[in-house]
Amino acid sequence: MAADTKASQATDLGKVPGLKTRNIGPVILLGPPGAGKGTQAKVMVARYGIPQISTGDLLRENRARGTELGKKAATLMDQGQLVPDDLVCAMVAARLAEQDCARGFILDGFPRTVAQAEWLDNFLAGKSGANAQPVAGTEKSAVPAAGWPPLVVVSIVVEYNQLWRRLTGRRMCPVDGTIYNIYFQPPRVPDTCDICGSKLMTRKDDSEEVISKRLKEYENQTLSLVPYYRQTGRLHEIDGDRSVEEVTAEVLRAVEHDRL
Ligand code: AP5
């Protein structure tokens, strides 16, 4: 079967058997703040049954629990700056050691620097962070017998002004994490989650001043990951300036082209 035919069939939702038992392996969603990484990761979680590992969410959880890591990260996050590589990598190692990562995982917002990408390469090759213990104190994840399959890296490309509108318009449900946008994906009742009825919130770092800093930080520190992964031949670059459904189709096509 031609690769394109196979891919388009694979992205026809509901027509690929066994997606929730297959080894999907590590998937990276790369893109600037507001590109839609979190939005797309949630679709993939539902489709593949593997976890979304958002370093932003993990850091926010640490903040909410008042951990040492959360305290160290708080000021940097509020200023739109990156949290130091060693802290983030240790946090990711502990999360990846959890049992639910055994068939694969979706990294959302990690890596964000070349140092983090190199650490991840070593981690997946069993050379770094291999002794990390699961955060939740659960049974440790077993690395697949044949090792992890190669990374699938999907870069979502979105134009600057569109990113700005997406970030200033974003609203989140604090209870179930559903993402809305007052311009593009409004809730049925203003400021209220469609799913659980909770009052929606605006993320603290979605103020205009911090958005501007986050976008600069992306250009200065994260954009260099595009050539880093392009030279491995594992990068899929996707036009994210389209509807959520159109972007989803492209993201799934990329993953399933490489994996199925
Ligand atoms: P993090 O939480 O990762 O934020 P981010 O990377 O800035 O990304 P966002 O969550 O803002 O955007 P997204 O791409 O997920 O977009 P979303 O789907 O929500 O990081 C926060 C902070 O933590 C960082 O600044 C840093 O301090 C720290 N940190 C995190 N990871 C780190 C790391 N690895 N190293 C160091 N520090 C780290 O969508 C955005 C909006 O657009 C939504 O309203 C959505 O509804 C809408 N939307 C999505 N897709 C579409 C579409 N196709 N059309 C129209 N609207 C759309």
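The values are calculated or read from the model by the stated rules, or taken from the named source; none is laboratory data. The shown structure was predicted, so the numbers you read here are calculated from the model rather than taken from an experiment. Don't worry about glycine lacking a Cβ; one is built from the backbone with ideal geometry, like all the others, and counts go over all protein chains shown. These accessible areas exclude ligands, DNA and RNA; they are computed on the full protein's heavy atoms, side chains included. Shrake-Rupley method; radii C 1.70, N 1.55, O 1.52, S 1.80 Å.
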Q) Taking Pro111 and the conditions (1) under 16 Å from Val27 (Cα atoms); (2) surrounded by fewer than 20 Cβ atoms within 10 Å (Cβ to Cβ); (3) at pLDDT 95 or above, which numbered condition does it fall short on, given that it satisfies the others? A) (2)
Q: Specify which of the listed residues (Gly197, Gly177) is touching a residue at least 12 places away in the same chain (Cβ under 8 Å), at positive phi and surrounded by fewer than 18 Cβ atoms within 10 Å (Cβ to Cβ).
A: Gly177
Q: Could you please find all residues in region 151-173 being part of a loop (DSSP other than H, G, I, E, B) and either touching an Asp or Glu at 6+ places or on another chain (Cβ under 8 Å) or of a type in the set (Phe, Trp, Tyr) (or both)?
A: Val158, Glu159
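A quick yes/no check of all residues on (1) open to solvent by 70 Å² or more (accessible area, probe 1.4 Å); (2) in contact with a helix residue (DSSP H, G or I) (Cβ under 7 Å, 6 or more places away or on another chain); (3) more than 10 Å from the ligand (Cβ to nearest atom):
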| site | (1), (2), (3) |
| --- | --- |
| Arg214 | no, yes, no |
| Glu217 | no, no, no |
| Leu223 | yes, no, yes |
| Arg234 | no, no, yes |
| Arg242 | yes, no, no |
| Val251 | no, yes, yes |
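Residue-by-condition table, conditions (1) assigned to a loop (DSSP other than H, G, I, E, B); (2) charged (D, E, K, R); (3) in contact (Cβ under 8 Å) with a residue 60 or more places away in the chain:
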| position | (1), (2), (3) |
| --- | --- |
| Leu19 | yes, no, no |
| Val27 | no, no, yes |
| Gly38 | no, no, yes |
| Leu58 | no, no, no |
| Ala64 | no, no, no |
(Q) I want to confirm something. Restricting to region 70-88 and keeping residues that are assigned to a helix (DSSP H, G or I) and touching a residue at least 40 places away in the same chain (Cβ under 8 Å), which single residue is least open to solvent (accessible area, probe 1.4 Å)? (A) Met77
